[in-house]
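Data first, discussion second: the structure below is written as structure tokens.
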Amino acid sequence: MTNRLNRVKSVARKVGGIRRLILILMAVSLGTTALLDFFVVEKIFGPLVYLYIALSTIVGLYVIYPLYAGRRLTKYYWVRVKRNRLAVWGLGFILFLILLALIGPFFTADPTAVSFEEKNIPPLGFTIEESVYEPETEQFIAKTITATGEHPLGTDNKGRDLLAMIVSGAGVSLQVGLLATGIALTIGTLIGVMSAYLGGKMDNILMRLTDVMMAFPFFLLLVFIVFIFGPNLAFIVLVIGLTGWTGAARLIRSQTLSLRTREFVMASKALGASDSRIILAHLVPNVISLIIVMATLSIPGVILAEAALSFIGLGDPNVTSWGMVLRAGQQSLDTTWWVAVVPGVMLFLTVLAFNFVGDGLRDAFDPRSAL
Amino acid sequence: MKKSWLRGYIAKRLLFAVIVAWGILTVTFILVRVGPTSPADHYLANVAAQGQDPSQVVAAIEARYGLDRPLHQQYLSYVGNLARGNLGWSFSNSMPVIALIKTHWIYSFQLILLSTIFAGVIGILIGIFSAVRQYTKTDYAATFLSFIGISIPNFWLGVMLILLFSVKFGLFKTYYDTSLSLLSLANFRQLILPVITLGTGMLAGYVRYTRSAMLDNLRKDFVRTARAKGLPERTVIGKHVLRNAMLPLITIIMFDLGSIVFGGAYLTEIVFGIPGLGRVSFNAIFAADYAVVVAVTLISAFLILIINLVTDITYTYLDPRIRYD
């Protein structure tokens, strides 16, 4: 047993640490599955699953593990975050949303099931008057529709259950927010840290590239690309992730610049550590607090961008997202107003929650701010 | 010495802007060409009803728009056309794209202008007030409300305003009336809801920027000196703090215009049916009218480029400190 462990350790040492070994193993296995997926069997995983596996490995190795390794510091930060009541509420709402997205689908109806007998049912506590055409008497008669416990949030004008649509939308928004932000921050961190550490020509090239990317109007570019390549959730996630890293890159670069000349970096260099080791083992862990804050604060923007895309009709037609429900609600505003109200409220609360948490984290990580 | 330095800086910035503009052009061209569908497929959908042979029609269209030529030739003629101000033909509107944009840009412009004035004036005032009274109830209320303001999805806010003020109370019409003259009172009245929709997020952002810019300067030594000299608080805040806070503030407002406001105006126009460039592009998406979508994207990108360029140069000119960086 110890023998085998030692062998793993020696292999790890050869490729530059246990984290690097795990990363390489993940890349190889994902690559093999992707190749199998593409050439041999069709669809072992959907494209989103690959993103999940890759990102959770990276987050686990470079965010969760350092937080665990520095338990005392993490606990200290947590005490500081807890003093900000809004941040705690925000965190509570995000947890509720995650539970809703994970467990909700087992308890709600199919969000796409159309039933014209059950259309226009208002949410609990409301009744509406509707004029219905009566074929026998050939007249319009007023009919009262009352809420039913079967559809607590009511139904839309096609009889789809609003609660089911909201639950489905929560999953879509969280997926898009977390995955796209994960991609954007991975790229942003690498570019920012590399730019600051390597300096000189490399810094110049990377920062000019960032400037060029920043010059594009983000939302219009998104609309343009999705219009040309067609709406697909995984694709939308990729596009947002690949275009949204610029702000993070700049901030992380400026943070790293002050780290570059610190003694521990010098010492590591003097001991013969490679550039990639210094970047991954010394610089990245030291900007992790900034990365977490940036991530929390950029998730709302991403969620809103996806919702806006769905709202204008460029969302993935195979999933039910909040933006899409809102769009349907806007089109029947004079009859089923709740279909427009509920997804918007959820969207608003989600964005607010992430903003509160991000702000709380920023204050907690900032040693200068008195809490 | 100072002049020649500035000239060099402007030349450098201009060169960079030209490179970015070229980058934008090229990326758009590549995206359209790499895309899974040929623009001709979409024209086809429109002529299919006329009973012609599809393959012949596609070939004819491709020949007419030069899509059958080698890529580098297409690229050169694309850039050449743009340089001459020829943005192509919009088949869904049956007019040149440039004429379409000339008739519609003003609606976007008035919306963005009025929203910026609305958000700028109110946002900066609240921000100043909030900073001067830091850590009081007013300050907490302003900070909390600005959080809510930046978190409200603006397209949803628009739908809610329509639901409340147009559908429930009937105070405003639910559609935008283009027959009204732009400077008439009725036109301003129908722009109230759209301006609130677009302006709320901007306003909340400006409150936060103003507050932090004011707080940065309130702690400076020259402010203490000014107070020690016995200057009235009004003069200290108005002259010594606000003027110094204004410079970074205006830069942020200008950059916001590009990154946030253009996207927001796009959605606001769609919600309220205002026939600006956003609405034009939205309609073109559903008609699969490539030329229009490309043109609106390019024009917005170029506008943002110019706005950022002007902001950068003005900032450098006005603030001597950053010249020596």
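Remarks
- Per-region count, segment A:212-232, residues more than 7 Å from chain B (Cβ to nearest Cβ) and outside any helix (DSSP H, G or I): 2
- Picking from residues in segment A:126-147 that are under 25 Å from A:Arg327 (Cβ atoms) and in a loop (DSSP other than H, G, I, E, B), the one that is modelled with the highest pLDDT is A:Phe126.
- Candidate set: segment B:251-272, residues that are β-branched (Val, Ile, Thr) and closer than 22 Å to B:Ala301 by Cβ; chosen: the one nearest to the other protein chains (Cβ to nearest Cβ): B:Ile270
- Residues (surrounded by fewer than 21 Cβ atoms within 10 Å (Cβ to Cβ) and outside any helix (DSSP H, G or I)) located in segment B:269-296: B:Gly273, B:Pro275, B:Ala287, B:Ala288
- Of all residues in segment A:103-127, those being closer than 16 Å to A:Ile166 by Cα, without any contact (Cβ under 8 Å) to a residue 24 or more places away in the chain and of a type outside the set (Phe, Trp, Tyr) number 1.
- Restricting attention to segment B:174-203, the residues that are assigned to a loop (DSSP other than H, G, I, E, B), more than 13 Å from chain A (Cβ to nearest Cβ) and touching a Ser or Thr at 6+ places or on another chain (Cβ under 7 Å) total 0.
- Subset of segment A:335-371 that is out of contact with any helix residue (DSSP H, G or I) (no Cβ under 6 Å at 6 or more places or on another chain), in a loop (DSSP other than H, G, I, E, B) and not hydroxyl-bearing (Ser, Thr, Tyr) - its residue that is modelled with the highest pLDDT: A:Asp366
- Scanning segment B:87-121 for residues that are over 23 Å from the mean Cα position of the chain (by Cα), free of Cβ contacts under 8 Å to residues at least 40 places away in the same chain and not in a strand (DSSP E or B) returns a single hit, B:Ser94.
- Which listed residue, of B:Leu191, B:Leu215, B:Leu163, B:Leu182, is touching a residue at least 12 places away in the same chain (Cβ under 8 Å) and touching a Leu at 6+ places or on another chain (Cβ under 8 Å): B:Leu191
Condition check ((1) away from every other protein chain (no Cβ under 11 Å); (2) at negative phi; (3) charged (D, E, K, R); (4) within 20 Å of the chain's Cα centre (by Cα)) across all residues:
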| site | (1), (2), (3), (4) |
| --- | --- |
| A:Arg260 | yes, yes, yes, no |
| A:Gly272 | yes, no, no, no |
| A:Ala281 | yes, yes, no, no |
| A:Ser289 | yes, yes, no, yes |
| A:Phe356 | no, yes, no, yes |
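- In segment B:297-320, the count of residues that are away from chain A (no Cβ under 11 Å), in contact (Cβ under 8 Å) with a residue 12 or more places away in the chain, within 30 Å of B:Gln190 (Cβ to Cβ) and not in a helix (DSSP H, G or I) is zero.
- Condition broken by B:Ile237, with the remaining ones in (1) part of a loop (DSSP other than H, G, I, E, B); (2) in contact with a helix residue (DSSP H, G or I) (Cβ under 9 Å, 6 or more places away or on another chain) satisfied: (1)
- Counted residues, segment B:122-168 - those being more than 10 Å from every other protein chain (Cβ to nearest Cβ), under 23 Å from the mean Cα position of the chain (by Cα) and assigned to a loop (DSSP other than H, G, I, E, B): 0
- Selected residue (only one of B:Ala245, B:Ala284 is away from chain A (no Cβ under 14 Å) and either closer than 22 Å to A:Ala305 by Cα or small (Gly, Ala, Ser) (or both)): B:Ala245
- Test for A:Ile187: is it more than 14 Å from chain B (Cβ to nearest Cβ), within 16 Å of the chain's Cα centre (by Cα) and surrounded by fewer than 19 Cβ atoms within 10 Å (Cβ to Cβ): yes
- Segment A:258-298, residues that are within 23 Å of A:Ile64 (Cβ to Cβ) and either assigned to a loop (DSSP other than H, G, I, E, B) or of a type in the set (Asp, Glu) (or both): A:Val287
- Residue count, segment A:329-342 (criterion: within 28 Å of A:Phe235 (Cβ to Cβ), of a type outside the set (A, V, I, L, M, F, W, C) and more than 8 Å from every other protein chain (Cβ to nearest Cβ)): 1
- Condition broken by A:Phe365, with the remaining ones in (1) in contact (Cβ under 8 Å) with a residue 24 or more places away in the chain; (2) surrounded by fewer than 23 Cβ atoms within 10 Å (Cβ to Cβ); (3) touching a Pro at 6+ places or on another chain (Cβ under 9 Å) satisfied: (3)
- For segment A:228-245, residues that are farther than 16 Å from A:Asn318 by Cβ and surrounded by 23 or more Cβ atoms within 10 Å (Cβ to Cβ) total 4.
- Residue count, segment A:53-84 (criterion: among the charged types (D, E, K, R) and buried (at least 16 other Cβ atoms within 10 Å of the Cβ)): 1
- Scanning segment B:148-185 for residues that are under 30 Å from A:Asp359 (Cβ atoms), in contact with a helix residue (DSSP H, G or I) (Cβ under 6 Å, 6 or more places away or on another chain) and among the β-branched types (Val, Ile, Thr) yields B:Ile150, B:Ile152, B:Val159.
- When the criteria are applied in full, A:Leu326 fails the requirement of being within 11 Å of another protein chain (Cβ to nearest Cβ), more than 14 Å from the chain's Cα centre (by Cα), surrounded by 20 or more Cβ atoms within 10 Å (Cβ to Cβ) and in a loop (DSSP other than H, G, I, E, B).
- Total residues in segment B:221-258 satisfying the condition of being free of Cβ contacts under 8 Å to residues at least 24 places away in the same chain and of a type in the set (Asp, Glu): the figure is 2.
- Conditions (1) farther than 25 Å from B:Leu305 by Cβ; (2) without any contact (Cβ under 8 Å) to a residue 40 or more places away in the chain; number of the one not met by A:Val239: (1)
The values are calculated or read from the model by the stated rules, or taken from the named source; none is laboratory data. On a predicted model such as this, the values are computed, not experimentally measured, just so you know. FYI the Cβ positions are ideal-geometry reconstructions off the backbone, even for glycines, and counts take in every protein chain you see.
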